[in-house]
Amino acid sequence: MKKFAGVFFLSLTLGIQISNANNLSPIENHITRYITTQSQEQLSLLEQLVNTNSGTTNRSGIHKVGTMIRPRLEKLGFKTYWVDEPPTLKRVGTLVAQHTGNKGKKLLLIGHLDTVFPANSPFQHFVRQGDVATGPGIIDDKGGVVVILYALKALQEAHVMDDANITVILTGDEEDSGKPISISRKPLIDAAKDSDIALDFEWSITSDTVTVARRGIAHWTVEAYGNEAHSSEIFQNKAGYGATYELVRILNTMRTKLSREHFLSFNPGLVLGGTTISNRNKNQGTAFGKENVIAKIAMANGDLRFITEDQKSAAEKKIIDIVADHLPGTTASIKFQDGIPSMPPTAANEELLRQYSKVSEDLEQGMVLPLDPGARGAGDISHIASLVDGALAGLGPVGTGAHSERETIDITSLSTQTQRASLLIYRLINS
């Protein structure tokens, strides 16, 4: 896997380096100049969106953000509608916008309306300081949404989108998707089945990289059991080692045997152990135990991140074997649950990056290289990467601190990334 990834990224870098920059066409110059004139209006809309709380559980807030975006898409010639999720999922659903046509590639543009910050979060407002600004969702993903809007607006203003086939999918629960995924991501999956290319507009980590591959995520729960007894009897034949030592053995063996595998990671995010465990779920629980009693039960929840399905399957098999090798007087079991699939590197994604980098070079904004897949987590595009001919992610504005109260945008990157996106879309719908 490591050798494959190294060859892939080396060949991609060399391929980009030999491309020759060409001047922009008159239409492309018109598009980019128009985006520059719209920079203040674009930033003003971003401020309005950021100041409207849309945490995943704040369904009314997400609808309000969608209401601000929907008429702008309709003004660009898109037919829009909501696809609601069943009430049992307790999620908003998806805003869909469709522009039908027969010209060039059929494109799917992906963003999301929700953030990780709930309605009662202290982090609520857009704050600007010079060329940077902070705010909830400012790069994840409200900045990406305004890049989509203004890239399309520039194309419409240039009268080059009339016969384009473009679908925009803005999910309302990307940060904590409704389960099952087959329901909550059905609008996205249906759109991908009728598209050639998928472009995802979550934030860009650096101005000179874009995502051609990103890791998937699965979840696991380990439970270990021991014999409850007086602590003085631990390690003896009758009492055994106890549940806590068995759980620690499993986690440490996973670390020593698997942690060096390229692109593979696993993290025990919650650990509980003692005589009893109660009130437990994915994120919390209560444990009772005494220092002079051998632990009867111990458990850990965690995630597993991987670059391909083959890597995930191989890792799960190794972990199952580790779990089965019990310490004396203990037993253990593990359960896996699929989360988001990976977006593996492909030749089609490589070619799409070549085109994106060519756009950037023609704009005199420099070469764009592939981002290390280990540098970012899973996302909506991973659900449909296998359904389209090519995919890119990280096309939104440049920023840092996503999912934290330090979430920050480089304001100058709004225009830069919008110009890149608009010209890439323009060239794809004319290819």
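The values are calculated or read from the model by the stated rules, or taken from the named source; none is laboratory data. Please read all numbers here as calculations on a predicted model, not as lab measurements. Because the Cβ atoms are built from the backbone with ideal geometry, glycine has one as well, and the counts that use them run over all protein chains shown. Accessible surface areas use protein heavy atoms only, side chains included; no ligands, DNA or RNA. Shrake-Rupley method; radii C 1.70, N 1.55, O 1.52, S 1.80 Å.
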- Based on what the data block shows, is Val271 β-branched (Val, Ile, Thr) and closer than 21 Å to Asp141 by Cβ? no
- Selection count, the range 355-374, where residues are buried (at least 16 other Cβ atoms within 10 Å of the Cβ) and more than 30 Å from Phe266 (Cα to Cα): 10
- Residues of the range 261-306 satisfying the condition of being among the aromatic types (Phe, Trp, Tyr) and in contact with a helix residue (DSSP H, G or I) (Cβ under 8 Å, 6 or more places away or on another chain): Phe263, Phe266, Phe306
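Can you tell which of Ala332, Ala378 is surrounded by 20 or more Cβ atoms within 10 Å (Cβ to Cβ) and part of a loop (DSSP other than H, G, I, E, B)?
Working: Ala332 fails: part of a loop (DSSP other than H, G, I, E, B).
Selected residue: Ala378, the only one of Ala332, Ala378 that is surrounded by 20 or more Cβ atoms within 10 Å (Cβ to Cβ) and part of a loop (DSSP other than H, G, I, E, B).
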- So, in the range 135-185, of the ones that are outside any helix (DSSP H, G or I) and of a type in the set (Lys, Arg), which residue ends up farthest from the chain's Cα centre (by Cα)? Lys179
- Within the range 186-212, can you find the residues that are within 18 Å of Met367 (Cβ to Cβ) and either of a type in the set (A, V, I, L, M) or out of contact with any helix residue (DSSP H, G or I) (no Cβ under 7 Å at 6 or more places or on another chain) (or both)? Ile205, Thr206, Asp208, Thr209, Val210, Thr211, Val212
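Going by what's in this entry, would Ser195 be described as of a type in the set (Ser, Thr, Tyr) and more than 22 Å from Ile217 (Cβ to Cβ)? Before the answer, list the steps.
Details: of a type in the set (Ser, Thr, Tyr): yes; more than 22 Å from Ile217 (Cβ to Cβ): yes.
When the stated conditions are applied, Ser195 passes them.
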- Task: Return the total of residues in the range 289-317 being farther than 18 Å from Ala385 by Cβ, among the β-branched types (Val, Ile, Thr) and open to solvent by less than 30 Å² (accessible area, probe 1.4 Å).
- Result: 2
- Inspect all residues belonging to the range 251-263 and state whether any of them is closer than 30 Å to Ala378 by Cα, in contact (Cβ under 8 Å) with a residue 60 or more places away in the chain, in a strand (DSSP E or B) and not assigned by the TED database to the domain that holds Gln417. no
- Query: Among the helices (runs of 4 or more DSSP H) contained in the range 1-94, which hold 3 or more residues that are within 24 Å of Arg128 (Cβ to Cβ) and at pLDDT 95 or above?
  - Reply: 26-37, 39-50, 59-75
- Query: Given the conditions (1) open to solvent by 20 Å² or more (accessible area, probe 1.4 Å); (2) farther than 25 Å from Gly379 by Cα; (3) outside any loop (DSSP other than H, G, I, E, B), which single one is not true for Asn227?
  - Reply: (3)
- Message: Six or more apart or on different chains, Cβ atoms under 9 Å: show the pairs whose first residue is in the range 321-347 and closer than 30 Å to Leu387 by Cβ and among the polar types (S, T, N, Q) and whose second is part of a strand (DSSP E or B) and open to solvent by 30 Å² or more (accessible area, probe 1.4 Å).
- Response: Gln337/His219; Gln337/Thr221; Ser342/Arg305
